[in-house]
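Report on the structure given below.
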Amino acid sequence: MIPPPRQNSVPVAVPVTLSPLRRDSHQIPIGSYNPVNDSLLGTSPESSRFDPGSEFSDDVSVSRAASSMPGSGGEMMAMKARGDLKAKNTAAAEAIVKTVSGISEKNEEAQNEGAENSKPLKQKSTRADRRALQEAQRAAKAAAKESGGGGKNSTVSGVAKQGKPGKPPPQKKDATKITAASTTSEKKVSDRSSEKDRKKDAPPPRMQYDDEHRVEKAKRRAVVNQFEARNRVELFRHLPQYVHGTQLPDLESKFFQLEPMHPSVYKVGLQYLSGDISGGNARCIAMLLAFREAIKDYSTPAKKLFIRDLTAKINSYVSFFTECRPLSVSMGNAIKFLKNRIAKLPDSLSESEKKSSLQSDIDRFINEKIILADKVIVRHAVTKIRDGDVLLTYGSSTVVEMILLYAHELGKQFRVVVVDSRPKLEGQALLHRLVAKGLSCTYTHINAVSYIMHEVTRVFLGASSVLSNGTVYSRVGTACVAMVAHAFHVPVLICCEAYKFHERVQLDSICSNELGDPDVIAKIPGRQDLNHLDNWAEDENLQLLNLTYDATPSDYVSMIVTDYGMLPPTSVPVIVREYRREHLWI
């Protein structure tokens, strides 16, 4: 719609609103195309076109024309230009209206055609129709059950077809997609089954023994028949608690029935179960030597790969060792080392060469990571012993015993305080060996450690493992000794080989631990008259707890002596990270 002319003394041109349907190249020229007018105005048609970027472009052109003519002639020319402008604007508006109306008609025609070609919409069913359909389906199911269930599917499908309109057959593209999806699902199922078969002989992870389903499944696969203890400690139900003393006779009777079990592996397992082999290093060396003998006698079965089948054998041996006694951290690191070496064997080698390579790797691990590592630790730790020192140790640690004997051989004058605890009383055997070598020793129990600590100048302790946060995982009672020494400002030195380091973090002794036989703490050796707890298992309100390990926080440890040097507990992650890259012990 064109606005009415403005009643101003100076004529002003009204800008024309651009339509989105009109291109810039087809702008409507404003003004006259008469050559006479052009000559009078002194402007070209292109210069008199409307500029969308300037609102008053036409006003400027008209005013210029009016100012160029003298007197009334200029005003007449301006009025004539304004009349031409009105006519042109009217024609442009009419053209725009026609164009828009034509487009709307075309859109309506297209919508009508689409509506004709589209499928009819599904009529909305009422509540009564849906209820009638449900009644029919229920009646069909009841009839199928009465007839024996033979025509159940056909009857129900027939009712469904009557109630619902049939779907058009799928196109070829959809069929291809369905086929591909079914093929993928079948492939996944086959992969899962093969993976299940491959992991069938793998050792189970750290299992929660308060899960009844997993415990029953583990019992069916177990070689050692174990019976759960009746009076289990509620806080430690996630750890295995079995009746001790019944596994060994049953396992000895199965010696000739266990065909896949190597005799050397079976022998070491029995020694673990009876307690003949104890100590982190001794258990690890015995396990590796058993693996060495098993690899020496191994031969690859037909249609089997050496690496895969040998790894499965090692997994089955590890499962047997775990049933006899839970693995220590050092044993787990040694198993990782062996599996890593098996996986990296080149295919170009023959079977005998592969076996000899693995045997040499096991020998090298024992010599470098255990035997030579202990000697290096002794050389480092002996520098911390001075004449006149009073050294305290707890329990029996092999590397601490080597340190004390080596310092005595060097002629250093010092005294040793051996702290011991029930039920194993390992310190008594250490005391006999030290006294036999001529060392001056004092023996006491852990309940008197606070009375003897004021005389002590150094504390040397062994460790079963050192965790990533600096926590020392050792025999139960170690944390108590370290805390008392810290209270008396006595330095605590932990002697531990680097292959016992682990990236795991542990803050307490509850999540991961090993439970010993509770009967051994109910009896006192040499005191048969103290039999008050002989029938303790019959009392449901009494539970006995015999923990094997405890966790010593890093705040109570002054220094850790390893085969890579002496370092603070905060540097343990560095050892774990740096030496992990070399794949020497993991």
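Key figures
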{"read-out": "Selected residue (only one of V435, V416 is in the same structural domain as M559 (by the TED database) and not in a helix (DSSP H, G or I))", "value": "V416"}
{"read-out": "Subset of the range 489-505 that is of a type in the set (V, I, T) and under 15 Å from N469 (Cβ atoms) - its residue that is least open to solvent (accessible area, probe 1.4 Å)", "value": "I494"}
{"read-out": "Out of R379, R422, R364, sole residue that is touching a His at 6+ places or on another chain (Cβ under 9 Å) and either assigned by the TED database to the domain that holds R283 or not β-branched (V, I, T) (or both)", "value": "R422"}
{"read-out": "Pair list, Cβ < 9 Å and 6+ apart or interchain, from the range 318-331 residues that are without any contact (Cβ under 8 Å) to a residue 40 or more places away in the chain to residues that are not in a loop (DSSP other than H, G, I, E, B)", "value": "L327/R283; L327/M287; L327/V318; L327/F321; L327/I335"}
{"read-out": "Residue satisfying condition, being modelled with pLDDT of 95 or more and either aromatic (F, W, Y) or on the phi < 0 side of the Ramachandran plot (or both), within set T398, T383, T393", "value": "T393"}
{"read-out": "Answer residue from the range 351-375, given it is open to solvent by 40 Å² or more (accessible area, probe 1.4 Å) and among the small types (G, A, S) and is farthest from K296 (Cα to Cα) among those", "value": "S360"}
{"read-out": "Residue check for S468: free of Cβ contacts under 8 Å to residues at least 60 places away in the same chain, in the same structural domain as K424 (by the TED database) and open to solvent by less than 30 Å² (accessible area, probe 1.4 Å)", "value": "no"}
{"read-out": "Search result, residues across the range 506-532 that are more than 29 Å from the chain's Cα centre (by Cα), open to solvent by 30 Å² or more (accessible area, probe 1.4 Å) and under 26 Å from A479 (Cβ atoms)", "value": "D517, D519, V520, I521, K523, I524, P525"}
{"read-out": "Test: residue in the range 497-511 that is among the small types (G, A, S) and within 30 Å of R364 (Cβ to Cβ)", "value": "yes"}
{"read-out": "Residue under evaluation L248, criteria (1) in a helix (DSSP H, G or I); (2) modelled with pLDDT of 85 or more, criterion not met", "value": "(2)"}
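The values are calculated or read from the model by the stated rules, or taken from the named source; none is laboratory data. Remember, predicted model here, so these are calculated numbers, not experimental data. Methodologically, a virtual Cβ is constructed for each residue, glycine included, from the backbone with ideal geometry; neighbour enumeration extends over all protein chains shown. Areas reflect the complete protein model, heavy atoms only, side chains present, ligands, DNA and RNA absent. Shrake-Rupley method; radii C 1.70, N 1.55, O 1.52, S 1.80 Å.
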